[in-house]
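Asks: Sharing a structure with you now.
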Amino acid sequence: MSIIFQSKSHQTHSHQMKVIETIGELRQRRRQLAAPVGFVPTMGYLHEGHLALIRRARAENLSLVVSIFVNPAQFGPQEDFSSYPRDPQRDLAMLAAEQTDIVFTPSVAEMYPPGFNSWVEVGQVTERLEEASRPGHFRGVATVVAKLFDIVQPTRAYFGQKDAQQTIVVKKMVADLAMDLEIVTVPTVREPDGLAVSSRNAYLNPEERPAAAVLYRSLCLARQLWAQGEKDAAHICQQMTALIQKEPRATIDYVSIADPETLEELEVVKPPALASLAVKIGKARLIDNVVLE
Ligand code: PAF
């Protein structure tokens, strides 16, 4: 396999996958792709959640571009940029098996050359939920995603429902800046105990891993209370909080029931409402959500 990746291109079932590191070459190759072009931006360390996005993009488009770029601009100074899990060889093998046409793997210097100083700031929806613990995170996400969209020129780009706020921010940016592509949201992939699949699950040790199922259990409780007629958002959040607090390894960052477009907190739950949370378990800060509808 390593020989194949050294050569930056190889054959699998007569399908050729190009691995491209520069913006210039990507733009050149992009012109040769058949439209529609599906695009899945990732930070690598691919898992079943990414594969759900990639397979959907493959099925709905004639060409498939995937990017792997651990974006320093979306990590805070105390966050896990340097320790973020990486496994490029395995990622490329997985992408070749999914009939990916182009994998874009730029360096940090390629995306943020010396003197880089232009940022995309999406207002309001970035100011809630994740922003309190991760100031500047969505500025980094919006900037890199805007740049990737401009380079790749996709017809459709695919994002996971697990990162609900990110998807909302990207949709708002695309609408506000009249970017010419469609954003497709793909349902969250879960482990058998309900834990949402995420690269950061790799931080959980064997004792912490079962405890992480408490996120989804609390979201199921929210859904159950809502289904039973409970409309008081504060009461649902209290019940979720009480359930999570029974798990000694879990520390709550936030529990929220918000409008799924504006992310404003709701007092009275009216569908559709986004129940979301962030919880720390050991070194892992995990997020998850369900839509109450
Ligand atoms: O969701 C992610 O993996 C990242 O935030 C993204 C969209 C690839 C931007 O860096």
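The values are calculated or read from the model by the stated rules, or taken from the named source; none is laboratory data. The model shown is predicted, which means the values in this text are computed figures rather than measured ones. Note that each Cβ is placed from the backbone with ideal geometry, even for glycine, and that neighbours are counted across all protein chains shown.
Asks: If I filter the stretch 153-175 down to residues being part of a strand (DSSP E or B) and within 13 Å of the ligand (Cβ to nearest atom), which single residue comes out as farthest from the chain's Cα centre (by Cα)?
Replies: Only one residue fits best here, namely ALA157.
Asks: Sticking with this structure for a sec: Say we look at the stretch 118-134 and pick out the residues that are without any contact (Cβ under 8 Å) to a residue 24 or more places away in the chain and closer than 21 Å to MET179 by Cβ; which of these is surrounded by the fewest Cβ atoms within 10 Å (Cβ to Cβ)?
Replies: Among residues in the stretch 118-134 that are without any contact (Cβ under 8 Å) to a residue 24 or more places away in the chain and closer than 21 Å to MET179 by Cβ, the one surrounded by the fewest Cβ atoms within 10 Å (Cβ to Cβ) is GLY123.
Asks: Follow-up. Can you give me the number of residues within the stretch 135-152 that are surrounded by fewer than 18 Cβ atoms within 10 Å (Cβ to Cβ) and either touching a helix residue (DSSP H, G or I) at 6+ places or on another chain (Cβ under 6 Å) or assigned to a loop (DSSP other than H, G, I, E, B) (or both)?
Replies: Number satisfying all stated conditions: 2.
Asks: Has the stretch 178-186 got at least one residue that is acidic (Asp, Glu) and part of a helix (DSSP H, G or I)?
Replies: Taking every residue of the stretch 178-186 in turn, none turns out to be acidic (Asp, Glu) and part of a helix (DSSP H, G or I).
Asks: If you don't mind, another one. Which condition breaks for PRO154 when tested against (1) under 28 Å from LEU195 (Cα atoms); (2) of a type outside the set (Val, Ile, Thr); (3) touching a strand residue (DSSP E or B) at 6+ places or on another chain (Cβ under 7 Å)?
Replies: Against the list (1) under 28 Å from LEU195 (Cα atoms); (2) of a type outside the set (Val, Ile, Thr); (3) touching a strand residue (DSSP E or B) at 6+ places or on another chain (Cβ under 7 Å), PRO154 comes up short only on (1).
Asks: Please count how many residues of the stretch 101-117 are outside any loop (DSSP other than H, G, I, E, B) and either surrounded by 12 or more Cβ atoms within 10 Å (Cβ to Cβ) or touching a residue at least 24 places away in the same chain (Cβ under 8 Å) (or both).
Replies: Qualifying residue count, the stretch 101-117: 6.
Asks: Are any residues in the stretch 204-215 surrounded by fewer than 20 Cβ atoms within 10 Å (Cβ to Cβ) and of a type outside the set (Gly, Ala, Ser), and if so, which ones?
Replies: Scanning the stretch 204-215 gives ASN205, PRO206, GLU207, GLU208, ARG209, PRO210.
Asks: Can you name every residue in the stretch 31-51 that is part of a loop (DSSP other than H, G, I, E, B) and either within 16 Å of the ligand (Cβ to nearest atom) or within 16 Å of GLN99 (Cβ to Cβ) (or both)?
Replies: LEU33, ALA34, PRO36, MET43, GLY44, TYR45, LEU46, HIS47
Asks: Now a separate question. With respect to ASN205, determine if the residue is outside any strand (DSSP E or B), out of contact with any His (no Cβ under 9 Å at 6 or more places or on another chain) and not small (Gly, Ala, Ser).
Replies: Yes, satisfied.
Asks: Then there is this: What number of residues within the stretch 174-193 satisfy the criterion of being farther than 14 Å from PHE159 by Cα and buried (at least 16 other Cβ atoms within 10 Å of the Cβ)?
Replies: Summing the residues that are farther than 14 Å from PHE159 by Cα and buried (at least 16 other Cβ atoms within 10 Å of the Cβ) in the stretch 174-193 gives 2.
Asks: Moving to a separate point now. Considering only residues that are in contact (Cβ under 8 Å) with a residue 24 or more places away in the chain, in a helix (DSSP H, G or I) and surrounded by fewer than 18 Cβ atoms within 10 Å (Cβ to Cβ), which ones fall in the stretch 57-76?
Replies: Of everything in the stretch 57-76, those that are in contact (Cβ under 8 Å) with a residue 24 or more places away in the chain, in a helix (DSSP H, G or I) and surrounded by fewer than 18 Cβ atoms within 10 Å (Cβ to Cβ) turn out to be GLU60, PRO72.
Asks: Further question: Going through LEU204, LEU225, LEU277, LEU243 one at a time, which residue ends up being modelled with pLDDT of 95 or more and under 19 Å from GLY160 (Cα atoms)?
Replies: Residue meeting the stated conditions: LEU277.
Asks: Separate question: Which of the following residues is over 29 Å from ARG58 (Cβ atoms), more than 10 Å from the ligand (Cβ to nearest atom) and of a type in the set (A, V, I, L, M, F, W, C): ALA146, ALA132, ALA178?
Replies: ALA132
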